[in-house]
1. Provide the net charge surrounding VAL125, with neighbours chosen by a C-beta distance below 11 Å and charges set as Lys +1, Arg +1, Asp -1, Glu -1.
2. So what J values fall out for region 50-59 if you push phi through Karplus, 6.51 cos²θ - 1.76 cosθ + 1.60 with θ = phi - 60°, rounded to Hz, Gly and Pro as x?
3. Please work out how much accessible surface PHE58 shows to a 1.4 Å probe, ignoring ligands, DNA and RNA, in Å² rounded to 10.
4. Identify all lysines with a Cα-Cα distance to LYS105 below 20 Å; exclude those on the same chain that are fewer than 8 residues away in sequence.
5. Summing Lys, Arg as +1 and Asp, Glu as -1, what charge do residues with Cβ under 12 Å from the Cβ of ASN97 carry, ASN97 excluded?
6. Sort LYS30, LYS105 by heavy-atom solvent-accessible area, probe 1.4 angstrom, most to least.
7. Mind ordering 16-27, 80-91 by average Cβ neighbours within 10 Å, highest first?
8. Work out from phi, with θ = phi - 60° and the Karplus expression 6.51 cos²θ - 1.76 cosθ + 1.60, the ³J(HN,Hα) of each residue of region 32-38, listed in order in whole Hz, and give x for Gly and Pro.
Amino acid sequence: MNEAPTADALALEFVQFTVDAGVLRFGEFKTKAGRLSPYFFNAGLFDDGAKLGRVAQFYARRLLASGLEFDMLFGPAYKGITLAAAVAIELARLGRNVPFAYNRKEAKDHGEGGSLVGAPLAGRVLIVDDVMSAGTAVRESIALIRAAGAVPHAVVIALDRQEMATENGADAPYSAVQ
């Protein structure tokens, strides 16, 4: 009998994968927020089909195991775009086909125009991103989703830096994930 791994086993397998892929490194690094960190997580190094497919498997397996209900995926520019697309492919492969969308940093004034690309934002939207630091990308995503008339329902990330959120350039009294 082939049993699914426990959540802790899946997390350990994910960490080992990110270390082996060079995505998670240890040392002394300065974050975008200017804080010193003993590790660096660079999702840009999911840079080939095998690594991107594997990270999508981790996201999809965790989502399906969670029982979380959602209607579509949203990937914030830039790293969230690739992650949301890959997770949508993996979910479809596993029998859960959902639409996805993403945003551009700058709106286009030609072609389809605007700052949103993909399926129309609707229903309960799951935001897919790589790392949660100060929460800026997620806050921007929430605003875009609400402006489109959809519901920002949940966020799935690969790594929670467990840092304080920032508001108007200062630390907020709560973590970015909260």
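The values are calculated or read from the model by the stated rules, or taken from the named source; none is laboratory data. If you're wondering where the values come from, they're calculated on a predicted model, not measured in any experiment. As a convention, Cβ positions derive from the backbone with ideal geometry for all residues, glycine included, and neighbour counts pool all protein chains shown. The protein model used for the area step is the full one, side chains on, heavy atoms only, and it has no ligands, DNA or RNA in it. Shrake-Rupley method; radii C 1.70, N 1.55, O 1.52, S 1.80 Å.
1. That sum, taken over residues with Cβ under 11 Å, equals +1.
2. Per-residue couplings from phi come out as 5, 5, 5, x, 5, 5, 5, 4, 4, 4 Hz.
3. We get 10 Å² for PHE58.
4. Hits, sequence-local ones excluded: LYS32, LYS79.
5. Cβ neighbours under 12 Å give a net charge of 0.
6. LYS30, LYS105
7. Those peptides, ordered most packed to least, come out 80-91, 16-27.
8. 4, 7, x, 8, 7, 9, x
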